[in-house]
Amino acid sequence: MWKKSNQMNIENNKQKMVLVTGATGFVGKPLVEKLFSMNYRVRTISRNKKQLEGVFNEGVEIMQCDISNNEELERALTGVDIAYYLVHSMEGKSSQWEDFAEKDRQIAKNFANVSKKCKVKRIIYLGGLAHGTDSEMSEHMRSRKDVGKILSKSGIPVTIFRASVILGKGGGGFEMMHYLVERLPLMICPKWVLTKLQPISLHDTLEYLVKSIDVSETENKILDIGGPDVLTYVEMMKVYGDSIGKKVRVIIIPFLSLRLTSVWVDLVTPVKSSLARPLVEGLKNESTVTDNEIKKIIPLKLKGVEESIELSKDDSRETKIHRNDKLLIGLLLSLAIIGYTQFVLDVRIGVFNFMWLVVMIAWSLLLAVSIYFTVKDARIGPLIGAVGSWITVSFWLIDNAYLISNLQQIGGYKIGQAFELLGSYPSTTITMLNLMGIVVCASLAVVTHFSFYRERS
């Protein structure tokens, strides 16, 4: 249908003004580039215009606009023929994730009203695909469904695409999978990883979004889109693991809550905390295509999961270590040097004493894990480093304060033998090492705090 008139459409595209909201997102950015390459007049908006400067071709119009501001939005929508709605307010600050759903609804109402006022001819919305009643859906998926309903009531022809997991570089779902598989030798997961999905490649998603412009049959319809493969999330992780030559080991724990899982994802991966929880909660609902009407309207040769993953991988991706994290790693290594020096020189203990060998091995593993995850840009790295530093500084403070030597019993229990090491005075050398270690630990307390709370890439 669209193939026959493709050349004619390209010639006519220059007559159409297309607005793309959410142009900085992993779908919005390539969508702008694709539309521009097809000769459309493209306009993008952002609350901070500088975020888009230099990102797109010079021919792409950039306007500063807060969608919640009617005056700014009206200027942005004036003269627009087609408006792509790719806004998801959950991508804000992590402290605001709980109210993203209501923000989505309010922004959608405002956009619908102003679009009608500006006589926009068409709205194309990309939502999420999930089965179940409203009460069974996550707040994230329910809000995306509600946004579609709000836009449809605008009186403007609306096309709603409901996509399963979109596999593409920069997408939250793909990035979460990428980091979990590559960083963890063993994953403890809740039962949601057994939920059936029908992933679609970013490439195919863009094809549907762009080609729907000239296909009138897509107007005022809800169209489900997904790739040719139906599989569970854990099966998709294993496909990704096979693509990088890594075996994925998963332990399913049915009672593991979504809240705990989202916290774990936030700690292990650099995926924004504002995205982690709604993404995880959204995966509890089955996401498969039950209505294949789109295949009749816009026939495409869809890419399977393996091909989609290969297209999404970025072999050139390198984890850049933040300068604060470099300082953190340096302090952890300094702590290790001081600790091992003290271990070897302290005459109060035998180097081969079994108990202290176990303690040193556990302590070393703690520091090593902290360094590993810090290098990988995961928040759990500085968290473990902070725990390790506080444990260590507590030991050295007690040792230097000579407290234990005066505590012969507590509540009638003799403790002198149990704390034989700490019950004797340290030498001058050990005391100096303790003091150096305390300074390092104090520095770690500050650095780990800033490293933990900084915005991840």
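Computed from the coordinates by the stated procedures, all read-outs in this text should not be read as laboratory data. In this text, all values refer to a predicted model and were calculated from it rather than measured experimentally. Note that each Cβ is placed from the backbone with ideal geometry, even for glycine, and that neighbours are counted across all protein chains shown.
Just a few scattered comments:
- Modelled label positions at Ser68 and Ser135, each set 7 Å beyond Cα in the direction of Cβ, lie 3.2 nm from each other.
- In this structure, the amide hydrogen of Ile321, modeled 1.01 Å from its nitrogen in the peptide plane, lies closer than 5 angstrom to no residue at least 5 positions away or on a different chain.
- Here the extension length gained between Leu260 and Lys313 equals 16.3 nm, from 0.36 nm per residue of separation less the Cα-Cα distance.
- Trypsin sites (Lys or Arg not before Pro) within region 241-306, DSSP loop, no more than 15 other Cβ atoms inside 10 Å: Lys246, Lys247, Arg249, Lys301
- Ascending count of other beta-carbon atoms within 10 Å, so fewest first, for Leu19, Leu260, Leu279: Leu260, Leu279, Leu19
- Straightening the chain between Ala362 and Ile337 buys 7.5 nm, computed as 0.36 nm per residue apart minus the Cα-Cα spacing.
- The residues Met17, Met177, when put in order of fewest to most other Cβ atoms within 10 Å, stand as Met17, Met177.
- Partners for Lys247 among lysines (Cα-Cα distance below 22 Å; same-chain residues under 8 apart left out): Lys169, Lys191, Lys196, Lys238, Lys313, Lys376
- Cα-Cα over 32 Å, subset of Lys109/Lys211; Lys34/Lys320; Lys34/Lys116; Lys221/Lys246: Lys221/Lys246
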